[in-house]
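> Before I ask anything, let me first share the structure, which is written out below as structure tokens.
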């Protein structure tokens, strides 16, 4: 069954809507986004049958939803900003940050209602009318309106526990901010132009400074794919990486189209500990944007191996990690002729067990 999302202003009878739309086998959540910790969590949630949600903090990420859930039924409920702020203030929630957030949410709701084809837009004050609620019911659930169901719920006044929700969100603020940054990055990616076919790519070796200067957008995608914070790449040992590049102990192969980078593969090169006359290399960060059609990843791998041969490297190791698409890298390496060479185990002894 096609999922649905009601994007709404806060304090707009949203909890009541979530109960009204929980009908038969349908389950409608309320602000489910606060319980999500990754974009994968959101995607998994939408795999449930007969599922929907009413969200008061998700409008700013509507592009990501439309891209990832193109068939989702969309409803927009807007309430005048002044009324929302007054209602929140009565609940003890106020301040400049709150005002700015509510205004930003209203702008996104307006944008969403205009730009998403087929989105149903209603005003908060009209939720008191059965015909309006019937339109929402039929739009979200895809079945005929049940007047008796509406009459039963219309006689009931229900509201979520705003104080408890505020406490919860404050406690989990770092995790929610991390998810928000990931969603923002995904939204920016969604707004980019479509990629060109792989044949239009320039595969080349680059120095560290040029790569690091032009790759932040890809780095952020890479961080999201490996369940790290979007800016975690900034905490890497950049001075050491720069020194390795200056010493000729690093190789970076990139794939670009019209100057824009779509993928990269970094390799560290050094003398072998097993033999004095041999040189070995280790593939480390490897990433190709999801915006890019298939094929670029293998092209980067082949180009890296050819460049390493030209440098006199005798042996190459490829690490297939456990995060993101890491486990699938093993299959790619086997296709390239790599052999299994045991496993790597990690123990962090910087903290007490």
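> For the range 205-267, what Kirkwood radius comes out of the mean inverse Cα-Cα distance, in Å?
Working: mean 1/r = 0.0818 Å⁻¹.
After inverting the mean inverse Cα-Cα distance, the result is 12.2 Å.
> Once every DSSP H run of n ≥ 4 in the chain is given -39500 (n - 2.57) and the sum is divided by its residues, what mean residue ellipticity at 222 nm do you get, rounded to the nearest 500 deg cm²/dmol? The partial results should precede the final answer.
Working: 14 runs with 150 residues, N = 353.
Computed ellipticity for the chain at 222 nm equals -13000 deg cm²/dmol.
> Using Cα pairs closer than 8 Å and at least 6 residues apart in sequence, work out the relative contact order for the range 240-353, in percent. Don't skip to the end; give the middle numbers.
Working: 136 pairs, mean separation 21.7, N = 114.
That works out to 19 percent.
> For the range 32-78, what is the convex hull volume of the alpha-carbon atoms per residue, in Å³? Walk me through the intermediate numbers first.
Working: hull volume 4.0 nm³, N = 47.
That works out to 84 Å³ per residue.
> Once you have the Cα-Cα distance between residue 121 and residue 246, take 0.36 nm times their residue separation minus that, and quote the gain in nm to one decimal.
Numbers: separation 125, 0.36 × 125 = 45.00 nm, distance 5.78 nm.
Difference between extended and current length: 39.2 nm.
> Also: Going by how many other beta carbons lie within 10 Å of each one, how would you line up 73, 19, 323, fewest first?
So the ranking, lowest neighbour count to highest, is 323, 19, 73.
> Rounded, prolate or oblate: pick one for the range 198-335, where a ≥ b ≥ c are the square roots of the eigenvalues of its C-alpha gyration tensor, a/c under 1.5 means rounded, and failing that, prolate if a/b is larger than b/c, else oblate. Present the calculation step by step, with values, prior to reporting the outcome.
Details: a/c = 1.41, a/b = 1.31, b/c = 1.08.
Rounded.
> Determine how many Å³ per residue the convex hull of the Cα atoms of the chain encloses. Mind showing how you got there, number by number?
Details: hull volume 67.1 nm³, N = 353.
Spelled out: Cα convex hull of the chain, divided by residues, is 190 Å³.
> For a test of the definition: using alpha carbon positions, the gyration tensor, and the 1.5 limit on a/c, classify the range 1-52 as rounded, prolate or oblate. List each step's numbers first, then the result.
Working: a/c = 2.38, a/b = 1.17, b/c = 2.03.
The shape class here is oblate.
> By the gyration tensor of its Cα atoms, with a ≥ b ≥ c the square roots of the eigenvalues, what is the shape of the range 105-156: rounded for a/c under 1.5, prolate for a/b over b/c, or oblate? Don't jump to the answer; show the numbers that get you there.
Numbers: a/c = 3.39, a/b = 1.72, b/c = 1.97.
Oblate, since a/c reaches 1.5 and b/c is not below a/b.
> Quick one: 105, 99, 343, 44, fewest Cβ neighbours within 10 Å first, how do they rank?
Working: 105 22, 99 15, 343 6, 44 11.
Sorted ascending by nearby Cβ count, the order is 343, 44, 99, 105.
> Relative contact order of the chain, please, whole-number percent, based on alpha carbon pairs below 8 angstrom and at least 6 residues apart. Please report the intermediate quantities before stating the final value.
On the way: 482 pairs, mean separation 47.7, N = 353.
After rounding, I find 14 percent.
> Taking Cα atoms of the range 4-190, Rg/Rh with Kirkwood Rh, to two decimals? Display every interim value, and only then the final one.
Working: Rg = 15.9 Å, Rh = 17.0 Å.
So for the range 4-190, dividing Rg by the Kirkwood Rh gives 0.94.
> Next up: Need one number: % antiparallel among DSSP beta bridges in the chain, to the nearest 5. List each step's numbers first, then the result.
Values: 21 of 42 bridges.
Counting DSSP beta bridges with both partners in the chain, the antiparallel share is about 50 percent.
> Continuing with this model, one more query. Provide 74, 238, 269 in ascending order of the number of other Cβ atoms located within 10 Å of each residue's Cβ, fewest first. Kindly include the intermediate steps, with their values, before the conclusion.
On the way: 74 22, 238 12, 269 19.
So the residues, fewest neighbours to most, are 238, 269, 74.
> Any idea how far the Cα center of the range 43-110 sits from the one of the range 322-337, in Å?
Result: 39 Å between the Cα centres.
Values in this text are rule-based calculations from the coordinates and carry no lab data. Since the model is a prediction, treat every value here as computed from it, not as a measurement. All Cβ positions, even for glycine, are placed from backbone atoms using ideal geometry, and neighbour counts span all protein chains on display.
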